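Colleague: Dumping the structure here so I can ask a few things about it.
The values are calculated or read from the model by the stated rules, or taken from the named source; none is laboratory data. Everything numeric here is computed off the predicted structure, so don't read it as measured data. Glycine gets a Cβ as well: all are built from the backbone with ideal geometry, and neighbour counts include every protein chain shown.
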Amino acid sequence: MLEVANRTRTQIPPVDIAKIYRFVFPSGKMELSVAFVGNAFMQKTNKRYRGKDKTTDVLSFALEKQLSEILISIPKARADARAEHMPFAKKLEQLLIHGMLHIKGYDHERSVAEARRMQARERRIAQKL
């Protein structure tokens, strides 16, 4: 099951979140909530759960075995897309893939090898979209 909520006043560009979900969780057994939020909420959440008092683009939470949540900061994602000369919708796809892979257990902060493995998987999924 996939739930999506826009908690901002910004219109979200069309992104096929369900398609990304099916690539990452082909069994469809993961209950996933995706919420688009603002920078203030993201900063508060990042500080509370990661001890980092700053906003970030995406946070993933594996709440239970088959229940997870992804938060994406729309203002941060938009700014990052501009800085990277990337369409906003493409940046959102990238962040969704990244967040879902974290839920599956990928962790780019664990090691250089794991970062490479995660980036390779992100590219393979993005190429399928």
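Colleague: Search region 15-35 for residues that are closer than 9 Å to M1 by Cβ and pair each with any residue that is in a loop (DSSP other than H, G, I, E, B) and modelled with pLDDT of 90 or more when their beta-carbon atoms are under 8 Å apart and the residues are at least 6 apart or on different chains.
Modeller: L32/F25
Colleague: Provide a single number: the residues in region 61-88 that are of a type outside the set (A, V, I, L, M) and either in contact with a Cys (Cβ under 6 Å, 6 or more places away or on another chain) or under 21 Å from P14 (Cα atoms) (or both).
Modeller: 11
Colleague: Exactly one of these conditions fails for Y106: (1) surrounded by 16 or more Cβ atoms within 10 Å (Cβ to Cβ); (2) touching a residue at least 24 places away in the same chain (Cβ under 8 Å). Give me its number.
Modeller: (2)
Colleague: What pairs come up if the first residue lies in region 2-13 and is farther than 26 Å from Q66 by Cα, the second is in a loop (DSSP other than H, G, I, E, B), and their beta carbons are under 7 Å apart, counting only those six or more places apart or on different chains?
Modeller: Close Cβ pairs satisfying both conditions: T8/G38.
Colleague: Somewhere in region 71-90, is a residue part of a strand (DSSP E or B), of a type outside the set (S, T, N, Q) and either modelled with pLDDT under 95 or surrounded by 16 or more Cβ atoms within 10 Å (Cβ to Cβ) (or both)?
Modeller: Checking region 71-90: at least one residue is part of a strand (DSSP E or B), of a type outside the set (S, T, N, Q) and either modelled with pLDDT under 95 or surrounded by 16 or more Cβ atoms within 10 Å (Cβ to Cβ) (or both).
Colleague: Which residue pairs have Cβ atoms under 9 Å apart, sit 6 or more places apart or on different chains, and have a first residue in region 112-129 that is under 14 Å from L96 (Cα atoms) and acidic (D, E) and a second that is in a helix (DSSP H, G or I) and modelled with pLDDT of 90 or more?
Modeller: Filtered contacts from region 112-129: E122/Q94; E122/I97; E122/H98; E122/L101.
Colleague: While we're looking at this one, here's another question. Taking region 1-60, which residues are β-branched (V, I, T), in a strand (DSSP E or B) and either over 14 Å from the mean Cα position of the chain (by Cα) or closer than 16 Å to I97 by Cβ (or both)?
Modeller: V4, V34, V58
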